[in-house]
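What follows draws every value from the coordinates through simple rules; no lab data is involved. Just so we're clear, the structure is a prediction, and the values are computed from it rather than from any experiment. Neighbour counts run over all protein chains shown; Cβ positions are idealised from the backbone, glycine included.
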Amino acid sequence: MLNQKSQLLLLTLTFFPFFCCGTSFAQLPVAAQPSQPAGQVPSGSKSDDAQAARLEKLAKYLTNTRWTGQFTVTGKDTPPTSEHYEITQAIKAEEGDYWNLVVRIKYGANDTTLPLPPIEIKWAGETPVITVDKVTIPGLGTFDARVLIRGGQYAGTWSHDEVGGHLFGKIEKLEAEPQGSAKPEAKPAVDKQN
């Protein structure tokens, strides 16, 4: 059984493979730089306009969301373990299929909000898929993940070196935090296409 710190590292590196305490992101190769918010990219054709609209829709869909679910470990005869993330901002990077995400991760007495290095999101038709392709982080190991986002839910596979499994859960839109409230309310983030 994994201790709390190991579970946090496993969870965060599974879904957001570049998050790790104490690692300098400056040491990782930069795949893309932040750009203007999606939808403000100049376009020259209907195809470009449709792509800009799709990217803007995804940025709005991901921003201010809570991801609550579970993950399994292949080969372990244990019930799934709970996981929880919040994405406070999602901005499409200039190049490729990379996105810059600001996330909030809470565990124990820790509550941290930080920007992640660029995360690749590919498309399967009209369905976004978070894509991590055997990324090695010195001192931490190699990570791989595919997380499909659709209809207010997420599901996928993850691996960290020789360990892997499945993850799944729901995506809820966070409401503005009411005055005097410690916890923002969430409602399902259902979208007909995502």
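Tabulated data
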| quantity | calculated |
| --- | --- |
| Gain on full stretching of the segment that runs from Asp133 to Leu114 - 0.36 nm per residue minus C-alpha separation | 4.6 nm |
| Cα gyration tensor shape of region 76-155, rounded if a/c is under 1.5, else prolate or oblate by comparing a/b with b/c | rounded |
| Contour minus Cα-Cα distance for Asp77 and Ala53 (0.36 nm per residue) | 4.2 nm |
| Relative packing of peptides 109-120, 61-72 - highest average C-beta neighbours within 10 Å first | 61-72, 109-120 |
